Structure formats: structure tokens, C-alpha cells
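J.: Structure incoming, see below.
What follows draws every value from the coordinates through simple rules; no lab data is involved. Owing to the predicted nature of the structure, the values given are computational and were not obtained by experimental measurement. With ideal geometry, Cβ positions are generated from the backbone for all residues, glycine too; neighbour counts draw on all protein chains shown.
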Amino acid sequence: MGWPSFVGCSTIVIIMMIYLDKILPVFFLPVGVAILLGLASLLFRKRALGVAAVLVLWLSSTPLVGDMAIRAAEGWQHRIPVQLVPQARAIVVLTGMLVPAQGAESENEWGGAVDRFDAGVALFKAGKAPLLIFTGGWVPWRPEAPREGDVLADRAVALGVPRNQIVVTGKVSNTAGEAREVAALLRNLNQDRADDVVILVTSAFHVRRSRLQFTRAGVPVFPFPVDFQALAGPFTVMDVLPSAHGLGNTETALRELYGYLFYRLTLLT
């Protein structure tokens, strides 16, 4: 097999792994489990399976369960004041906050986790590090799209961050890729000092998994959690009624749990 063919096969394998990483968890999340139970109920004519499907979907959709699950995924953390963050060699902002808008122009709009961008810029302006790094988020089903980090870099410049103090990594499609790219980038910039940390800005529920990956890649981090998802307030009857927000929190928490367990298992191999 020639070198070009080998590279082509490697690329196909990487893309397939990305798709599997996104698709397989669906069957272990509440909606997927409820659908499978419902289909099994019809196939085997077992009413109990149908009842189980309803219970799984209802319970996982309540804000009570969703908020508890997401707070557990967040490690019961709280937002850290910027002034309490130590000095670091770089601020690393993990991407995953833009969506393409409908229309011919296909502009990128904030889709969620915009707190990551805001926090990264705020930390830089507070003088916490001389370098602001955005990861080059990219997915194979949108091959024509620019790296998300490039879009965020332009927005950061518009807010007053000097272009020469912003760096974007190569294309990445998951947390492990982000960690590897940042580690390689710091080495290339001669900033791979083992005794110094980077400030890692990401969603609170994503901190545990991302810290594990960055540590594995040889990049010590000081986590700066943002984008907290649980709703604050007293308990009400609405907390036991199904809602899209409750279901979203439950599924997000489970995705993080599965991802964390997968990464922990790979450390043993």
C-alpha cells in the first residue's frame, strides 16, 4: 500500500471514529433507551416494557433529575472570580459554541457556551496570561466550514485583544484532539514548561473530562469552569414535570459520564 493510500485510509478511520463517538452514546441516553424499550414492548407485546419506556423518559425529563445530574457532572463547582485566578503561560478556550445560521450567507451565531468565549477574553484583559488560545473546532460533516477558533479569534480582536497574542490550533473534533493540539502548539512556541499551567476555560460539566485529557497530554491546567446549567431557586411543582431543559441536562450529564469513563479506560490500555 502506497503512502497516499495509507493517509487516505487513516483519514477515513478517524472520520468513522468521530461519527461513532457522536452516534453510539445515543442508544444509552434516555431518549434512545425509551425508544428501544418502546420498540421491544411492541415486538414482544410486553406492557411492562412500554411502562418502563414512559418512566425513563418522564423521570429523565424532570428538572429535579436533570439539575441533580448536571450538578454532579459539574462536580458541584462554582464560578471563580477572575481576580482569584493565578498567572499562567496561556489561556485555552475550548470551542463548541457556534452554529451556522440559516441562509445563503451562512453566518455563525452563538449556539451555546458563549460564556467560554467571554471568560477567555475577560481573563486575557485581566492580564492573567500573555497568550489566548482557541481550539480549532471542526466536524467532518461540515468540511467547508472554517475552524471555529478562527471565527472566535476575529471576534476577540474586535473586542480589543491583539492579533499577535491569539493562536488557533489545528482542526480538532473532540476533547482528546484539543488536548493533543494544544500540547503540540505549546511545544512549537517553546512554552511547554512542565512546571507552569494553562488556564483551561470550558463548561463546568466538561471540566473533569477535559482536565483528564490535558493532563494526559502533558499540559497541567488550572480549570476555569463556566456555562453552569442547573437552574437556581426553590423547589416547585414544575421540578417534577417534564421539560426539554431537564432532559437536556440529564443527557448532557450522561454524555460526560460516558466520555469520562471511556477516557479512564483508555488510560489502562
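J.: Relative to the longest principal axis of the C-alpha atoms of the chain, give the angle of the C-alpha long axis of helix 244-267, reported between 0 and 90° and rounded to the nearest 10°.
T.: Computed tilt is about 60 degrees.
J.: In Å, what Kirkwood hydrodynamic radius results for the chain from the alpha-carbon pair distances?
T.: Working: mean 1/r = 0.0489 Å⁻¹.
Evaluated over the chain, this radius sits at 20.4 Å.
J.: May I ask you to sort Ile70, Ile166, Ile80 by Cβ crowding, counting other Cβ atoms within 10 Å and putting the fewest first?
T.: Ordered from fewest to most neighbouring Cβ atoms within 10 Å, Ile70, Ile166, Ile80 come out as Ile80, Ile166, Ile70.
J.: Let me know the longest stretch in the chain that avoids all chymotrypsin sites (Phe, Trp or Tyr not before Pro) found in a DSSP loop with at most 13 other C-beta atoms within 10 Å. List each step's numbers first, then the result.
T.: Numbers: sites that count: Trp76, Trp141, Phe235.
The reported range is 142-234.
J.: Between the helical axis of 63-73 and the dominant principal axis of the chain, each derived from Cα atoms, what acute angle in degrees is found, rounded to the nearest 10?
T.: 40 degrees
J.: With n ≥ 4 as the cut-off for DSSP H runs, can you work out [θ] at 222 nm for the chain, using -39500 (n - 2.57) per run divided by the number of residues, rounded to the nearest 500?
T.: Mean residue ellipticity at 222 nm (helix-derived): -16000 deg cm²/dmol.
J.: Further question: To the nearest 10 degrees, how steep is helix 30-44 against the longest Cα principal axis of the chain, on a 0 to 90 scale?
T.: Rounded to the nearest ten degrees, it is 30.
J.: Further question on the same structure: Defining a contact as two alpha carbons under 8 Å apart and six or more residues distant in sequence, what relative contact order in percent does the stretch 34-182 show?
T.: Averaging sequence separation for qualifying contacts and normalising by length gives 17 percent for the stretch 34-182.
J.: What shape does the stretch 102-210 have by the C-alpha gyration tensor, where a ≥ b ≥ c are the square roots of the eigenvalues, rounded means a/c under 1.5, and otherwise prolate means a/b greater than b/c and oblate the rest?
T.: Values: a/c = 1.59, a/b = 1.32, b/c = 1.20.
Here the stretch 102-210 falls in the prolate category.
J.: Have a look at Val82, Pro162, Asn190 and report the one farthest towards the positive end of the charge dipole of the stretch 82-226, computed about the Cα centre with Cβ charges (Lys/Arg +1, Asp/Glu -1).
T.: Asn190
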